[in-house]
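To start, the structure under review is shown below, and the notes come after it.
The values are calculated or read from the model by the stated rules, or taken from the named source; none is laboratory data. Keep in mind the model is a prediction, meaning the values are calculated, not measured. Quick reminder, even Gly has a Cβ in these numbers, built from the backbone with ideal geometry, and neighbours come from all protein chains shown.
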Amino acid sequence: MYQGSLESVATLLYSEVLAADLSRLDTENVAQCYVKSALASSELPSFTVTEVNGQTSELKSLGVENIPFTNTKTVMLRQCYRKIPV
């Protein structure tokens, strides 16, 4: 389990994602960049995707919800193996 602070992980992921040109991406793709960056990070060793019968999972976007009160957006993703939601 990761022993550092959540803020340090968030800062690390934010800096890794900013290395890409996010201004050209939509909200859903930016969210997927964050997830992929977190999966690749050595700071989160227990956050992994395992293979099942040689197949890796994929993330399908379920859409974006705008939250006007906080002026934020929530991206909903579903993990699928062989097109089956898990």
Report summary line: Residue count, the range 50-86, condition touching a residue at least 40 places away in the same chain (Cβ under 8 Å) and either of a type in the set (A, V, I, L, M, F, W, C) or farther than 21 Å from Ala38 by Cα (or both), comes to 2
Requested in this report: Specify which of the listed residues (Ser8, Ser23) is at pLDDT below 85, assigned to a helix (DSSP H, G or I) and exposed (fewer than 10 other Cβ atoms within 10 Å of the Cβ).
Outcome: Ser23
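Inspect the range 56-69 for any residue being outside any strand (DSSP E or B) and farther than 21 Å from Ile84 by Cα and give the result as yes or no. Spell out the reasoning first.
Step one: of the range 56-69, the residues outside any strand (DSSP E or B) are 56-57, 68-69.
Now narrow it down to the ones that are farther than 21 Å from Ile84 by Cα: 68-69.
Yes, the range 56-69 has at least one match.
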Query raised in the report: Across the range 26-49, what is the total count of residues that are touching a residue at least 40 places away in the same chain (Cβ under 8 Å), within 20 Å of Val86 (Cα to Cα) and part of a helix (DSSP H, G or I)?
Result: 4
Query raised in the report: Taking the stated definitions as given, is Glu65 over 23 Å from Thr27 (Cα atoms) and more than 14 Å from the chain's Cα centre (by Cα)?
Result: no
